[in-house]
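What follows draws every value from the coordinates through simple rules; no lab data is involved. Fair warning: this is a prediction, and the values are worked out from it, not measured in the lab. Here the Cβ positions follow ideal geometry from the backbone for every residue, glycine too, while neighbour counts run over all protein chains shown.
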Amino acid sequence: MEGEAVVENKRIIFKGYIDGIPKETDMEVKSGGGKMAARGSGGVVVKNLYLSCDPYMRGRMRQFYDSYIPPFLPGSVLEGFGVSRVVDSDHPDFSAGDIVTGITGWEEYSLITRTQQLRKIQRQDDIPLSYYVGLLGMPGFTAYAGFYEVCSPKKGDYLFVSAASGAVGQLVGQLAKLHGCYVVGSAGTNQKVDLLKNKFGFDEAFNYKDEPDLDAALKRYLPKGIDIYFDNVGGSMLDAALLNMRVNGRIAVCGMVSEKSLSNPRGIHNLSNLIYKRVRMQGFLQSDYLHLMPRFLEDVGQLYKQGKIAYVEDMSNGLESAPAALVGLYSGKNVGKQVVCVCPE
């Protein structure tokens, strides 16, 4: 693409702010031609290849500005992490043909002017490009930074991770095993439990939907208590974990997916255990640790190539499948990291 070009551009439009669980009808697929060029923008035009569906996107569907990231604009294209190919550039650091990852639009082509958040990908034949929105993208980096920097792990620690088969949880558990921890995970189907134990090497795993008493379940699977709880869900699971923490335990609060669709989130009742057990509970954002990105890419890339870690994706094909893929996150339909393939490589 040179100069100004007219492209047919299929897009996913956010229709308006919502209250409750996202629905496919909260988004609209639109097609139409339009002029798009990098010239004069200081940015790049990209063809989007893969898009990432992530739980945090629910928070951007409400009119709430007191957050680390602003809400989506009604009537505008949704955006999120993606892998894209540069087709036109007005920036000295990027050239046509470069493969990049960063925030992009949920559309076939995007003009990106916030180029400071883009990162070039050096293609490696043995690592799929889609992994750069998963294992080697924001979710993988969240797991890496959260585990090593927030959890302060020690060999022999007892670690529990919720939503353990998801984009973040599956890597947390494997890093913990490599570090010498005893690892238990929870998930929402028996298929996912099997994945945790037989593909990711967790010591134990359970289907939380089959457990009417989460406190009893944790006591059964972690009878000596929990040194590290990597929390991806909040709510009743966090409450139960608080009852089972060991002295000087650590809780890394990564996500609250069980609360994201509630107008009035439920309170936590067992916080007094933070005092009794001298537990440190800390929320975090992966963006706090971006100085670790080069080390993360090297470490996790090598572990994957050496066959020491595995990763599972749930791939939807075609941009039109994106609304259903995103909505499915909130009912646990995905098995592994949810990705949308916009354009085959």
Only helices counted: for the chain, with every DSSP H run of 4 or more residues adding -39500 (n - 2.57) and the sum spread over all residues, [θ] at 222 nm is -5500 deg cm²/dmol
Hand me the tally of lysine pairs in the range 160-230: alpha carbons under 17 angstrom apart, and the pair either on different chains or 8 or more positions apart.
-> 4
Any trypsin sites (Lys or Arg not before Pro) in the range 126-231 that lie in a DSSP loop and have at most 15 other Cβ atoms within 10 Å would be Lys154, Lys155, Lys199, Lys224
Projected onto their principal axes, the Cα atoms of the range 97-230 stretch, largest extent first, over whole-Å spans of 53, 30, 27
Length added when fully stretched, Met315-Gln63, from 0.36 nm per residue minus Cα-Cα | 87.8 nm
Lysines whose Cα lies under 21 Å from that of Lys30, excluding same-chain neighbours fewer than 8 positions away | Lys10, Lys15, Lys47
First check a/c for the chain, with a ≥ b ≥ c the square roots of the eigenvalues of its C-alpha gyration tensor; if it is under 1.5, answer rounded, and if not, answer prolate when a/b is larger than b/c or oblate otherwise.
-> prolate
DSSP-assigned coil residues among trypsin sites (Lys or Arg not before Pro) in the range 50-145, each with at most 12 further Cβ atoms within 10 Å | Arg114, Arg123
Other residues with Cβ under 12 Å from the Cβ of Gln338 give, with Lys and Arg +1 and Asp and Glu -1, a net charge of -1
Which of Tyr50, Tyr289, His179 sits farthest toward the positive end of the charge dipole of the chain, with +1 on the Cβ of Lys and Arg and -1 on the Cβ of Asp and Glu?
-> His179
Return an integer: the convex hull volume of the alpha-carbon atoms of the range 76-160, in Å³ per residue.
-> 149 Å³
Using 0.36 nm per residue of separation minus the Cα-Cα distance, give me the extension gain between Ile275 and Asp125 in nm, one decimal.
-> 49.0 nm
